[in-house]
Amino acid sequence: MEEVAPLISDLAVILIIAGVVTVVFKWLKQPVILGYIVAGILAGPSVSLFPTVSDTVDIKTWADIGVIFLLFAMGLDFSFKKLMNVGMTAVVATITIVCGMMFTGYSAGVAMGFSHMSSLFLGGMLSMSSTAIVFKAFNDMGLLQQKFAGIVLGILVVEDLMAVVMMVMLSTLAASQQFEGMAMLQSVLKLGAFLVFWSVLGIYLMPTLLKKMHRYLTDEILLIASLGLCLGMVMVATKAGFSSSLGAFVMGSLLAETTESAKIERIVQPVKDLFAAIFFVSVGMMIDPAVIAQYIVPILVLVVLVLAGQVIFGSLGVVLSGQPLKVAVQAGFSLTQVGEFSFIIASLGTSLKVTDDCLYPVIVAVSVVTIFLTPYMMRLSGPAHSFLDRHLPAMLKEYMERYTSGTTTIRHQSTWHKLLKSMLLSVVLYSVICTFFITLFFTYAEPFIMEHVPGLWGSLLCFGILFAVLSPFLWAIIVKGNHSPEFRKLWTDNLFNRGSLVSLILIKILLCMAFITGIIVRLFNVASGLGLVLAAVVVAVILFSKYIHKRSHAIEAQFLANFEGNVNTPQQSGMPEGGVKAVSTALQDNAPLRDLHMAEFSISPECSYVGQMLKDTDIRSNYQINVISIQRGERHINIPDGRSSLYPYDQITVVGTDEQLAKFRKVLDEKPFRQSDKTGQSIMKIDRLALDSSSRMTGHTIREAGVTDCIILGISRSGSDLMNPSPETVLTEGDTLWLVGTEDAIRKLE
């Protein structure tokens, strides 16, 4: 008899136990992640009540795949547009939280006797909150439309990016086993260049490619292609010296910029759920209850540090970013859990063998407790704010009021500042692209070309390829910003500005000449002086070529079109300065409106407002909120008038305070009362009815017979069958009618 492979039997054990335990946790209204971890403990070697996994090596491989798909899914939910939209509030708050919790975690680890490296990893773990847990808690508690919820989700977006950077930095530290400033700086710069290059290239190529292939992309093909791209970027990241997790996250964030992002996220969800479940179960399998009992005191200490530290640093960071105290306290109390990235960081430390063996089960235990306490901490935010509001000194409250209202006002930058900022951004961006193209070409393409086309002709071919690829970017480095309003204003305002402006252009020209000189010297083995002269000629060709000029503009236009996606322009939206997004920004930047914020609601088919015009609803009069946009499929109706109607599945964007939006949400969630049908009336059935001479329907058409509560599917007549007869069909004696309807309707007809 054939035996089942250990991998299959182990998966059977894991999935059966996980399925049973998660059903119990769902019944107890606890997060499913906790169920997976408990299932892992039960299926692991530490508990003998159930069949245990026999080959942990295979499960570790599956768990690694789970991490890849988990981070791929996180990348799909990330998107660079989201990062740009979260604003400085999320950035300032995240930096405050990460720095504060890193220091707290490191200090606690050293105090509790962990090694130096374990303490660093512990600080990284404690600084990461859980996006999945927070989002689910907000959804379950009806808080998604609250102002602080948007800020918290923005912080979590930035934390995801910070976690990726942190993993690279911790890997570098683990490899060197000591803090080396230059090595760390090189790793961060290398990571930044990697992210910039592949992000720019991906945003330029991915949406365009998927648009061209849209008609061929069934769910099956899109799933295979998406997972293939994910694993392909994993290979690229690994080849470049980064972790596989980074590659998966980058590809997910690139696909998030495409028009197919929602569809990809939907079809990838089951794959992610399966492998993520295996990952979290494998996390539980590494927990030894005896170790938890042994380290119960450090676990409780770390739980208190997470709860107190996230509240303090989270609230402080949000206040520093210019938000009111109430919003800051609500945000701080929402971030008090150790999340998914903490498990990934812990797995990284374990795989690199640089952390203490007890750290993994300790951090998982801390995560379990803090996740369990998340809803209760969110409910405590209101009483905590009331307590602070009563006991804070009046002078401090007045200062915070001035600070939060003053930091959110619009500040005018100097013209020089704006010009230098825009020029520096474009120069750095295009320089990174050129550097990566040159590196990749000389690593892979140049050896292949020179092997098949040796000598001068091979060098000329290589130079021609590089020139064709790099020339649009070099043109952009030189010209970008030279015709901006700031440049023209500075040029005309003061004659002394012209020398500095010309110097900026010369610096950009010299940078391009440096790129070309290096290529010429490498390919043709000439002296640097001659290479510099030839580079000057090449730069002149680039600068005055109309074709390169058009090509550069076309590449930039394509990139911007792909990046902006379906975002409304001012002309499309009918709103000044950029549509809905501009309204959201203005609400944040103007102190008198800071209690107002935007929220989105979906109109369900059962909503009482379906089919009504806005002027006939009580939305404005009863809830004091304004509907500023309606999205219906791909159609956007901004500033709808009173004659605009609401339809099922419309996405409406409204503006109001937290209290007003909460009242409106309750109305949308209410189900209209309908008297339930009797059992006999609700059951549908197919039956037959024979007509004789006494039947009132004989001799009449179906329309005249008044068959309204049933549908005649067919008529059997003289050995022949008539399917779906027309209303004008005459019913005759001897016909057998095949009817579909409820039991009561058919009985009544009989």
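From 351, 381, which residue is farther than 19 Å from residue 35 by Cβ, part of a helix (DSSP H, G or I), among the small types (Gly, Ala, Ser) and open to solvent by 60 Å² or more (accessible area, probe 1.4 Å)?
The unique qualifying residue is 351.
Answer with yes or no whether residue 362 is open to solvent by less than 30 Å² (accessible area, probe 1.4 Å) and not small (Gly, Ala, Ser). Against the criterion (open to solvent by less than 30 Å² (accessible area, probe 1.4 Å) and not small (Gly, Ala, Ser)), residue 362 qualifies. Of the residues making up the range 741-750, those that are loosely packed, with under 12 Cβ neighbours inside 10 Å and closer than 16 Å to residue 692 by Cβ number 1. Screening residue 357 on (1) surrounded by 20 or more Cβ atoms within 10 Å (Cβ to Cβ); (2) under 30 Å from residue 60 (Cβ atoms) shows it passes everything except condition (1).
Filtering the range 397-453 to residues that are over 20 Å from residue 512 (Cα atoms), part of a helix (DSSP H, G or I), aliphatic (A, V, I, L, M) and at pLDDT 85 or above leaves 445, 449, 450. Residue pairs, Cβ under 6 Å, 6 or more apart or interchain, first in the range 641-668 and part of a helix (DSSP H, G or I), second open to solvent by 70 Å² or more (accessible area, probe 1.4 Å). List them. Short answer, once both residue conditions are applied: 660/624. Scanning the range 354-366 for residues that are in a helix (DSSP H, G or I) and not hydrophobic (A, V, I, L, M, F, W, C) gives 360, 361. Of all the criteria given as (1) part of a helix (DSSP H, G or I); (2) closer than 27 Å to residue 192 by Cβ; (3) under 23 Å from the mean Cα position of the chain (by Cα), the one not satisfied by residue 149 is (2). Whenever a residue of the range 445-469 is farther than 12 Å from residue 520 by Cβ, its partners that are among the aromatic types (Phe, Trp, Tyr), lying with C-beta atoms within less than 9 angstrom and at least six residues away or across chains, give the pairs 456/524; 465/441; 469/437; 469/441. Scanning the range 647-662 for residues that are over 19 Å from residue 330 (Cα atoms) and out of contact with any strand residue (DSSP E or B) (no Cβ under 7 Å at 6 or more places or on another chain) returns a single hit, 648.
Note on the range 412-463: residues that are buried (at least 16 other Cβ atoms within 10 Å of the Cβ), small (Gly, Ala, Ser) and under 34 Å from the mean Cα position of the chain (by Cα) total 2.
Across the range 722-740, the qualifying residues are those that are in a strand (DSSP E or B) and out of contact with any helix residue (DSSP H, G or I) (no Cβ under 8 Å at 6 or more places or on another chain), and the one among them that is least open to solvent (accessible area, probe 1.4 Å) is 737.
Restricting attention to the range 207-228, the residues being over 22 Å from residue 560 (Cα atoms) and either in contact with a Cys (Cβ under 9 Å, 6 or more places away or on another chain) or assigned to a helix (DSSP H, G or I) (or both) number 12.
Put simply, of 706, 699 the only residue that is at positive phi and modelled with pLDDT under 80 is 706.
Scanning the range 25-47 for residues that are part of a helix (DSSP H, G or I), open to solvent by 70 Å² or more (accessible area, probe 1.4 Å) and of a type outside the set (D, E, K, R) yields one hit, 27. Screening the range 612-626 for residues that are touching a helix residue (DSSP H, G or I) at 6+ places or on another chain (Cβ under 6 Å) and open to solvent by less than 30 Å² (accessible area, probe 1.4 Å) and picking the one that is modelled with the highest pLDDT gives 625.
Quickly run through the range 603-661 and pick out the residues that are among the charged types (D, E, K, R) and either at positive phi or over 25 Å from the mean Cα position of the chain (by Cα) (or both).
So the first thing to find is which residues in the range 603-661 are among the charged types (D, E, K, R), and the list is 606, 615-616, 618, 620, 632, 634-635, 641, 643, 650, 658-659.
Once the filter is applied, which keeps residues that are among the charged types (D, E, K, R) and either at positive phi or over 25 Å from the mean Cα position of the chain (by Cα) (or both), the range 603-661 yields 606, 615, 616, 618, 620, 641, 643, 659.
Confirm whether residue 676 is closer than 30 Å to residue 743 by Cα and at pLDDT below 80. For residue 676, the condition - closer than 30 Å to residue 743 by Cα and at pLDDT below 80 - is met.
The values are calculated or read from the model by the stated rules, or taken from the named source; none is laboratory data. All values derive from a computational prediction rather than experimental measurement. Glycine gets a Cβ as well: all are built from the backbone with ideal geometry, and neighbour counts include every protein chain shown. The area values use the complete protein model at the heavy-atom level, side chains included, leaving out ligands, DNA and RNA. Shrake-Rupley method; radii C 1.70, N 1.55, O 1.52, S 1.80 Å.
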